[in-house]
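Below is one structure, written out as structure tokens; comments come after it.
The values are calculated or read from the model by the stated rules, or taken from the named source; none is laboratory data. Every value quoted in this text rests on a predicted model; they were computed, and no experiment measured them. Every residue, glycine among them, receives a Cβ derived from its backbone with ideal geometry; neighbour counts consider all protein chains shown. Just so you know, the surface numbers come from the protein's heavy atoms only, side chains and all, with ligands and any DNA or RNA stripped out. Shrake-Rupley method; radii C 1.70, N 1.55, O 1.52, S 1.80 Å.
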Amino acid sequence: MNILLIGSGGRESAFAWKLSQSPKCNQLFIAPGNAGTTQYGTNVDLKVTDFEGIKAFVLANGIDMILVGPEEPLVKGIHDFFLNDEGLKKVPVIGPQQYGAQLEGSKDFSKQFMQRHHIPTAASRTFTRDTLQDGLSYLATAGLPIVLKADGLAAGKGVLICLTLQEAQQELVEMLTEAKFGDASSKVVVEQFLQGIELSVFVLTDGNTYKILPEAKDYKRIGEGDTGLNTGGMGSVSPVPFADAAFMQKVEQTIVIPTVEGLKQEGIPYKGFIFIGLMNCAGEPYVIEYNCRMGDPETESVMPRIESDFMDLLQGVAEGNLHEKELKISDKIAATVVCVAGGYPGEYLKNKVISGLENVRGSIAFHAGTSQQGDDVITNGGRVLAITSLQDNMFDALQQATLDASRIYYDGKYFRKDIGFDLI
Ligand code: AMP
Ligand code: GLY
């Protein structure tokens, strides 16, 4: 099969690495890819939302399947675009249609979905400009801290955890009346704060049955000891020790099954990934959010643990026979350490020459924000590389990934040296 993978980050590098190992994968194209994805396939210079450009490429190159990495093309309807086109509708797209992608694209939609299907989540209410006064009164009676979420996609910045009533009320006003997050905050979900440890659970579904992929823990803060600003993710570990069989059983029964069944009951076709961000609150799982795609940098720890042919699993999704496919998961531990650009997550340095990649020996160096400039690989994004090590025990995996991350050099390089050590 010829596959077109959409995206350019560490997640897509991990997908490309895994897919390129499949005997079923003939040609692999990555649009637009990065300097590292050329190890696994051919980069195609197309934007992830250039649907017409993607169409032309698919038709000209005999593409048999599209795997969509990031949320933006899904929320903008790439799957619907394919289904509505005579020439494209036979080409399966892995990733939900626009309506289902609202699980990520609209926090209000996803909260209402969870409420309809009695899926455990924080209590919440949604407000608009018209109901601002109700929102302000509601905040005055709600406990603290309180969480405010812009309804739409806001590049990972639309969630505010407010510690005082004054801050919460001011933020609500700014979000609703001053478009603090643009259109995304024309609706705001106000949500109870959940105390606990976070976990990312990944479900692959053909819309009828599902497989639970390896779970992972993501480290979101820039600073060691989980301090400082939020980032896209500074590292990940899979498996997660506290997600034992009993806990995962609860996740499956109270969250995964009602989610997949809920989609079916409501007639929402869904072929792709459901990323469930959840909080372990004293042993009970609560959904923080859904995403309609895999996580980054979780995918970099998840893919190396999948022993089965990933292409075969995706084919099961496309053909609706996922239940016939085998998902074999390695008992080994994967740890990922992300190297970021100086200044990230604020304004960051760009176009810095990267050296030392050849010294990475016990890990895979997944490229994220990199590009090729002549003979040089240069930085081209906030998250530059994701260094993943798969080992028999957690200590070795963490130590090896951290050691290999230290073997890379570019001006301004930063990485956390404590990823996963809280789990030992
Ligand atoms: P999201 O953009 O929905 O992933 O939210 C960003 C981060 O905010 C999450 O990863 C959590 O760390 C935190 N967060 C979101 N909702 C809540 C909540 N209800 N309680 C506590 N933390 C939350
Ligand atoms: N690692 C979190 C995300 O991909 O949204």
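For the stretch 259-268, what does the Karplus curve 6.51 cos²θ - 1.76 cosθ + 1.60, with θ = phi - 60°, yield as ³J(HN,Hα) per residue in whole Hz, taken in order and with x for Gly and Pro?
Coupling constants for the stretch 259-268: 5, 5, 5, x, 4, 5, 4, 8, x, 9 Hz.
Anyone know which of Ser106, Ser22, Ser363 comes out most mobile in the 10 Å Cα GNM of the chain?
Top of the fluctuation ranking is Ser22.
Take Ile387, Ile222 and sort them by solvent-accessible surface of the protein heavy atoms, 1.4 Å probe, largest at the top. List each step's numbers first, then the result.
Numbers: Ile387 0, Ile222 25 Å².
Result, largest first: Ile222, Ile387.
Just report the Cα centroid separation between the stretch 169-187 and the stretch 13-35, whole Å.
Computed from Cα coordinates, the inter-centre distance equals 40 Å.
Using a Gaussian network model on the chain with a 10 Å cutoff between Cα atoms, which of Asn61, Asn380, Asn34 fluctuates the most?
In this elastic network of the chain, the residue with the biggest mean-square fluctuation among Asn61, Asn380, Asn34 is Asn61.
Is the C-alpha gyration tensor of the stretch 129-191 telling us rounded, prolate or oblate? Criteria: a/c under 1.5 is rounded; beyond that, a/b larger than b/c is prolate, otherwise oblate.
Values: a/c = 2.00, a/b = 1.34, b/c = 1.49.
Oblate.
Taking trypsin sites (Lys or Arg not before Pro) as exposed when DSSP calls them loop (any state but H, G, I, E, B) and at most 10 other Cβ atoms lie within 10 Å, what is the longest stretch of the chain free of them, the sites themselves excluded? Before the final figure, lay out each step's value.
Working: sites that count: Lys90, Lys328, Arg361.
Here the longest segment lacking exposed loop sites spans 91-327.
Keeping the other protein chains in place, figure out the carbon and sulfur percent of the accessible area of the stretch 1-126, with a 1.4 Å probe.
On the way: 2310 of 4870 Å².
For the stretch 1-126, the apolar C and S fraction of the accessible surface comes to 47 percent.
Please work out how much accessible surface Ser110 shows to a 1.4 Å probe, ignoring ligands, DNA and RNA, in Å² rounded to 10.
Using a 1.4 Å probe on the heavy atoms, I get roughly 10 Å².
Can you find, among Phe181, Phe29, Gly100, the residue farthest towards the positive end of the dipole of the chain? Put +1 on the C-beta of Lys and Arg, -1 on that of Asp and Glu.
Checked the options; the winner is Phe29.
Let's see if you can work this out: charge +1 on each Lys and Arg Cβ, -1 on each Asp and Glu Cβ, no other charges. What is the dipole magnitude of the stretch 89-219 about its Cα centre, in debye to the nearest 20?
Values: 13 positive and 15 negative charges, 100 e Å.
Value, rounded to 20: 480 debye.
Once amide H atoms are built 1.01 Å from N in the peptide plane, which residues 5 or more positions from Ile288, or in another chain, come under 5 Å H to H?
Gly277, Leu278, Met279
Rounded, prolate or oblate: which fits the stretch 30-126 when a ≥ b ≥ c are the square roots of the eigenvalues of the alpha-carbon gyration tensor, with rounded for a/c under 1.5 and prolate only if a/b beats b/c? Don't skip to the answer; put the middle values down first.
On the way: a/c = 3.00, a/b = 1.94, b/c = 1.54.
Prolate is the answer for the stretch 30-126, as a/c is 1.5 or above and a/b outweighs b/c.
Could you tell me which of rounded, prolate or oblate describes the chain, using a ≥ b ≥ c as the square roots of the eigenvalues of the alpha-carbon gyration tensor, with rounded for a/c under 1.5 and, failing that, prolate when a/b is larger than b/c and oblate otherwise? Write down the numbers at each step before the final one.
Working: a/c = 1.41, a/b = 1.19, b/c = 1.18.
Rounded, because the longest to shortest axis ratio a/c is under 1.5.
Mind counting lysine pairs for me in the stretch 89-198? Cα separation below 21 Å, and the two need to be 8 or more apart along the chain or on different chains.
12
Might you work out the accessible area of Met1 for me, using a 1.4 Å probe with all protein chains in place, and round it to the nearest 10 Å²?
About 60 Å², ignoring ligands and nucleic acids.
Let's see if you can work this out: charge +1 on each Lys and Arg Cβ, -1 on each Asp and Glu Cβ, no other charges. What is the dipole magnitude of the chain about its Cα centre, in debye to the nearest 20?
Values: 37 positive and 53 negative charges, 23 e Å.
The calculation lands at about 120 debye.
Tell me what the chain gives for mean residue ellipticity at 222 nm when only DSSP H runs of n ≥ 4 count, each as -39,500 (n - 2.57), the sum divided by the residue total, rounded to 500 deg cm²/dmol. It would help to have the intermediate numbers written out before the result.
Working: 13 runs with 117 residues, N = 424.
Helices in the chain give a 222 nm mean residue ellipticity of -8000 deg cm²/dmol.
For a quick check, take a GNM of the chain with Cα springs below 10 Å and name the residue from Gly381, Gly235, Gly143 with the largest mean-square fluctuation.
Fluctuation is largest for Gly143.
What accessible area per residue, rounded to a whole number of Å², is obtained for the chain using a probe radius of 1.4 Å? Mind dumping the intermediate values first?
Numbers: 17070 Å² over 424 residues.
With the other protein chains kept in place, the chain gives 40 Å² per residue.
Please give the solvent-accessible surface of His79 in Å², to the nearest 10, using a probe radius of 1.4 Å with every protein chain present.
20
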